[in-house]
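Take a look at the structure below.
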Amino acid sequence: MNEIPPIQRPDEPAIEQLCQRLVEMGAELDRTDGWPGEQLQLCGQAGVFKWFMPQQWGGGEWGELDVTRGYLRLSAACLTTTFVITQRTGACLRIAGSDNEPLKERLLPDLVSGKAFATVGISHLTTSRRHLRKPALQATETDAGFTLEGFSPWVTGAQHASTVVTGAELEDGRQILIALPTDAPGVTIPSPPRLVGLTGSHTGEVRLDGVQLGREWLLAGPVEDVMKVGAGASTGGLQTSTLAVGLSKAAVEFLEGEAEKRPDLSGPAAELRDELSDVEQLLLSLAGGHEACSKDELRTQANSLVLRASQAALAAAKGSGYVVGHPAGRWCREALFFLVWSCPQGVMAANLCELAGIE
Ligand SMILES: Cc1cc2nc3c(=O)[nH]c(=O)nc-3n(C[C@H](O)[C@H](O)[C@H](O)COP(=O)(O)OP(=O)(O)OC[C@H]3O[C@@H](n4cnc5c(N)ncnc54)[C@H](O)[C@@H]3O)c2cc1C
């Protein structure tokens, strides 16, 4: 395996080298539904895990604009790997942003270096199973800490993680955020289900059956709305839109490649390229701190674009694109993910209206 030099900036040629390798491995990943272990190892060697982390922990502490540029490149090359990295990063930032210094010392060095893998299972506090009367994961306070009972419904790569950053609700409605060691007694991780796309992310449930955790694992709380407190705490940021734009880019580039040989495709390719440029511009200006539009407006546009661009790529690829292994078919399945991944109510409503043809 050729070493990829550390990537210190999102515009370095080395990122092209890394992305090329990820593209080459994409078809095999989709065919086998396997975990992108080799891809993650390459990203770790290239220093990708450091991009997001504070300098204090050996990270590069990239600003949001650079992170966005980096994610745009990676997601155009391999959405599964990039998505897994977002969940890994979410967990690492929650740990780094907590006040629990001993836990940070214990977990962060191996996470920043890539030796260990952590992930995040917090959707039951924000978007998933919120309509149920009983919280998905309940905590009871004990003398030593907490007893946890229930499950976290969506945890990417849980089987590969040593730590899952997850949340639970106490009887009085306050919530805690905790770094759950996956080898704690009472934790079980069933085989992840096959998904419409991104099956290689090995996303599935983590069950907790009377798990006893001491306060040394606590990251935040007990407090109301624990996801709104602490550093690294933003949910609904730009990364979902960034990955949608990255995937759109791959699809539009494919269409442009086909249009070089088939002039009938030039019009649609040019139209989609213009729209892609506009949405990318909006994304980069938001990432740069300018209020070009709201995050939900951006997400609505990015969702719409990724669905249409991926299907345009499939139409251009014709029947060959419908054979498993061709990237165009995969992009269509992956694009559907953006309809359900951390999708705010307003964005979902706007996407539904578009699908229903309501102006
Ligand atoms: C591939 C994938 C990877 C993911 N990875 C992660 C991850 O790593 N970490 C993480 O924290 N999250 C993750 N998520 C979760 C994601 O961000 C969303 O939280 C999730 O898609 C919400 O879907 P849900 O089916 O759980 O929603 P729910 O709202 O629980 O809906 C489930 C079902 O309940 C019913 N229902 C919904 N609302 C109502 C209502 N008001 N009244 C009655 N019935 C209702 C519907 O039939 C619906 O199908 C992932 C999701 C996917 C698909």
* **Flag for Gly97 being within 30 Å of Gln345 (Cβ to Cβ), more than 15 Å from the ligand (Cβ to nearest atom) and in contact (Cβ under 8 Å) with a residue 24 or more places away in the chain** => yes
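For the range 327-340, which residues satisfy the criterion of being buried (at least 19 other Cβ atoms within 10 Å of the Cβ) and either over 21 Å from the mean Cα position of the chain (by Cα) or of a type in the set (A, V, I, L, M, F, W, C) (or both)?
Of the range 327-340, the ones buried (at least 19 other Cβ atoms within 10 Å of the Cβ) are 327-332, 334-335, 337-338.
Hits for the range 327-340 are Ala328, Trp331, Cys332, Ala335, Phe337, Phe338.
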* Can you name the condition, by its number, that Ile95 falls short on among (1) within 16 Å of Met227 (Cβ to Cβ); (2) at pLDDT below 95? -> (2)
* For the range 27-41, how many residues meet the condition of being under 22 Å from Pro6 (Cα atoms) and assigned to a helix (DSSP H, G or I)? -> 5
* Restricting the search to the range 156-195, which residues are among the small types (Gly, Ala, Ser) and crowded, with 21+ Cβ neighbours inside 10 Å? -> Gly157, Ala158, Ala161, Gly167, Ala168, Ala179
* Pairs where the first residue, in the range 150-177, is closer than 23 Å to Ser201 by Cα and the second is among the charged types (D, E, K, R) and within 9 Å of the ligand (Cβ to nearest atom), C-beta under 7 Å, 6+ apart -> Pro153/Arg129
* Asked: Out of all the residues in the range 61-68, is one or more surrounded by 23 or more Cβ atoms within 10 Å (Cβ to Cβ) and either closer than 26 Å to Ala220 by Cβ or not assigned by TED's automatic domain parsing to the domain that holds Gly214 (or both)?
  -> yes
* To do: Determine which single condition Gly357 fails, assuming it passes every other condition in (1) under 22 Å from the mean Cα position of the chain (by Cα); (2) on the phi > 0 side of the Ramachandran plot.
  => (1)
* Asked: So Pro153 fits all but one of (1) within 30 Å of Ala46 (Cβ to Cβ); (2) within 16 Å of the ligand (Cβ to nearest atom); (3) of a type outside the set (Asp, Glu); (4) touching a helix residue (DSSP H, G or I) at 6+ places or on another chain (Cβ under 9 Å); what number is the exception?
  -> (1)
* May I ask you to list the residues in the range 122-138 that are surrounded by 17 or more Cβ atoms within 10 Å (Cβ to Cβ), more than 8 Å from the ligand (Cβ to nearest atom) and free of Cβ contacts under 8 Å to residues at least 40 places away in the same chain? => Pro135, Ala136
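The values are calculated or read from the model by the stated rules, or taken from the named source; none is laboratory data. For clarity, every value in this text was computed on a predicted model and none was experimentally measured. Here the Cβ is made from the backbone with ideal geometry for all residues, glycine too, and neighbour counts use every protein chain on show.
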